[in-house]
1. Only one of (1) within 21 Å of GLY205 (Cβ to Cβ); (2) modelled with pLDDT of 95 or more; (3) out of contact with any Gly (no Cβ under 6 Å at 6 or more places or on another chain) fails for SER82. Which number is that?
2. For the stretch 1-32, what are the residues that are among the charged types (D, E, K, R) and at pLDDT 95 or above?
3. Can VAL14 be described as in contact (Cβ under 8 Å) with a residue 12 or more places away in the chain and under 15 Å from the mean Cα position of the chain (by Cα)?
4. In this structure, does ALA127 turn out to be crowded, with 20+ Cβ neighbours inside 10 Å and among the hydrophobic types (A, V, I, L, M, F, W, C)?
5. Could you grab me the full set of residues in the stretch 191-213 that are under 24 Å from ALA165 (Cα atoms) and not acidic (Asp, Glu)?
6. Which is polar (S, T, N, Q), at negative phi and assigned by TED's automatic domain parsing to the domain that holds ILE92, of THR243, THR230, THR172, THR222?
7. Of these, THR99, THR49, which one is polar (S, T, N, Q), touching a Gly at 6+ places or on another chain (Cβ under 7 Å), buried (at least 17 other Cβ atoms within 10 Å of the Cβ) and more than 20 Å from ASP211 (Cβ to Cβ)?
8. Assuming ALA75 fulfils every condition listed in (1) without any contact (Cβ under 8 Å) to a residue 12 or more places away in the chain; (2) not assigned by TED's automatic domain parsing to the domain that holds LEU167 apart from one, which condition is it?
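The values are calculated or read from the model by the stated rules, or taken from the named source; none is laboratory data. A quick note: this is a predicted structure, and the numbers were derived from the prediction, not measured. In this analysis, Cβ positions are derived from the backbone assuming ideal geometry, glycine residues included, and neighbour counts consider all displayed protein chains.
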Amino acid sequence: MNGIKNYLMDMDGVILRGTTLIPGAIEFIQRLREQEIPFLILTNNSLYTARDLQMRLHNMGLDVPSEAIFTSALATAQFLNSQHPGGRAFVIGESGLTTALHDIGYILTDQTPEYVVLGETTTYSFARITLAIRFVSAGARFIATNPDVMGPGEGGIVPATGAIAALISAATGVKPYFVGKPNPLMMRTALHTLNAHSEESVMIGDRMDTDIVAGIESGLRTILVLTGVTAREQVERFPYRPTWIRESIAEIEV
């Protein structure tokens with residue numbers, strides 16, 4: 001692992017599982033901070049702000065600065081700011097997304113928006129989905145924070161952004177532009193945030209179809225950890241491979 005100067009890592013399945021830190025995560029982050037190695041913790045979940053997630057990790061016993069957490073909501077806001085600064089958007093989402101859009105100067109409106117921006121939410125409103133469909137049909141550009149169709153919830157899986165995006169697409173015939181993983185855009189935006197180069201960086205993830213493929217397509221080396229959704233025997237099913245496979249983040253040397 002010579003030449004790696006920057007670390008990008010997924011949150012769920014790498015740092016934590018549900019509401020519990022994965023053994024070795026605290027020590028790994030401490031080693032990075034002690035050696036002043038730049039890193040970002042990534043998540044496709046757009047529900048929460050970086051400060052919300054910082055407090056969540058703190059309550060579990062892991063202290064990181066909020067600047068070290070990068071969400072699909074932040075990536076979406078930076079993308080919109082680069083494409084159309086100061087625009088108007090109709091948003092379906094929670095504080096993680098609305099705060100990120102407010103911070104770049106976007107106006108959130110239900111009056112002739114230029115964009116419909118869809119993110120994670122736990123209170124999907126049929127009325128707001130209907131408005132989104134009407135705006136997209138009328139020509140508003142359709143953006144979604146991430147393509148995940150389901151996620152974990154109390155009692156089982158819950159529909160996620162990709163599932164609601166599919167509903168809007170079915171009604172309008174318009175597919176959204178997904179900003180989050182596996183889109184390499186999120187990885188490149190994260191690297192830009194660190195002022196890092198892909199050849200000197202590594203992506204640590206637990207999913208072959210999001211984390212690892214996004215890292216490969218962004219020119220990063222990749223580490224698959226087996227503490228999330230992917231078992232070692234499943235790796236052979238994919239047409240691409242991670243650079244390294246480790247049982248957990250505790251086995252990664254810095």
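1. (1)
2. Within the stretch 1-32, LYS5, ASP10, GLU27, ARG31 meet the criteria.
3. Criteria met by VAL14.
4. No, not satisfied.
5. Selection gives ARG207, MET208, THR210, ILE212, VAL213.
6. THR172
7. THR49
8. Failed condition: (1).
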